[in-house]
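What follows is a short report on a single structure.
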Amino acid sequence: MVTHKHHIIPRHMGGGDEPENIISLPFWAHTEVHKRLYEVYGRAEDKLAYLMMSGKKEEAEVVRIQLAKEGYKRWLVEKPEEVKKWRENINKTKAGKCFLPKEHYQRLGDMFRDVPRTEEVKEKISKSKKGKPWNGNRERIQDEYEVTKPNGDVIIIRGLNAFCKEEGISAGNLCAVAKGRLKQHKGYRARKL
């Protein structure tokens with residue numbers, strides 16, 4: 001007969017792995033014990049154990065996700081220093097990254113350049129540009145930015161694309177810095193004037 005090890009006081013209730021807290025139960029009894037624990041104490045951890053052992057994986061997944069969300073919320077409140085450090089690490093790893101080789105992005109640009117657009121696409125582009133300032137020559141008036149270079153120099157520029165091309169950095173990432181989505185891009189900081 002197949003037996004399972006069961007914690008008399010479950011770990012989620014503070015029980016440990018000491019031999020006096022563990023008993024061997026047949027599979028059906030282990031399932032039933034967790035069902036009863038859930039009925040008495042209403043703890044989602046026991047419901048998850050019962051559902052998993054009963055083969056109700058879809059219901060168990062819903063409970064598992066609920067537990068994960070609750071654990072995440074508790075972590076945010078109980079360990080703010082750890083959360084701050086975690087967020088800083090994520091920002092450091094994401095800042096200025098290209099996840100594919102530059103040649104890939106170049107090929108994509110070449111592939112879609114000069115592709116004829118449908119009237120529907122032209123209409124969407126037109127709608128997206130409505131309300132944006134233009135000068136008399138139908139050229140878009142470029143926004144002004146205050147850019148701080150990695151060496152500390154502060155300059156005022158009009159438009160990001162030409163500047164970023166000269167500096168060899170990503171205009172999209174510097175724009176994200178100006179909008180506040182990134183703190184910096186390769187040492188460059190920017191804000192819209």
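All of the numbers you see were taken from the coordinates with simple rules; none came from a lab. Being a predicted model, the structure only gives us computed values, none of them experimental. Quick reminder, even Gly has a Cβ in these numbers, built from the backbone with ideal geometry, and neighbours come from all protein chains shown.
Amide H to amide H distances under 5 Å link HIS4 with LEU25, PHE27, where only residues 5 or more positions off or on other chains count and H is placed in the peptide plane. The alpha carbons of the range 10-91 occupy a box of 48, 33, 21 Å along the principal axes, longest dimension given first.
Phi-derived couplings, Karplus 6.51 cos²θ - 1.76 cosθ + 1.60 at θ = phi - 60°, listed residue by residue for the range 13-19: 9, x, x, x, 9, 5, x Hz, with x used for Gly and Pro. Summary of packing: across the peptides 25-36, 42-53, the per-residue average of other C-beta atoms within 10 Å ranks them, highest first, as 42-53, 25-36. Length gained on full extension, VAL62 to GLU78: 3.3 nm, using 0.36 nm per residue less the C-alpha separation.
The value given for the chain is a Kirkwood hydrodynamic radius of 23.1 Å, derived from the mean inverse Cα-Cα separation. Report, in deg cm²/dmol and to the nearest 500, the calculated mean residue ellipticity at 222 nm for the chain, where each DSSP H run with n ≥ 4 adds -39500 (n - 2.57) and the sum is divided by the residue count. Computed mean residue ellipticity for the chain: -16500 deg cm²/dmol. Spatially, the range 54-85 and the range 170-193 are offset by 33 Å when compared through their Cα centroids.
Assign one of three labels to the range 140-193, namely rounded, prolate or oblate, based on the Cα gyration tensor with a ≥ b ≥ c the square roots of its eigenvalues; rounded applies when a/c is under 1.5, prolate when it is not and a/b is larger than b/c, and oblate otherwise. It is rounded, given that a/c, with a ≥ b ≥ c, falls under 1.5.
Between amide H atoms placed 1.01 Å from N, distances below 5 Å from GLY187 occur with no residue 5 or more places distant or on a separate chain.
Taking amide H positions as modeled 1.01 Å from N, with prolines and chain starts lacking one, no residue 5 or more places away or on another chain lies under 5 Å from ARG43.
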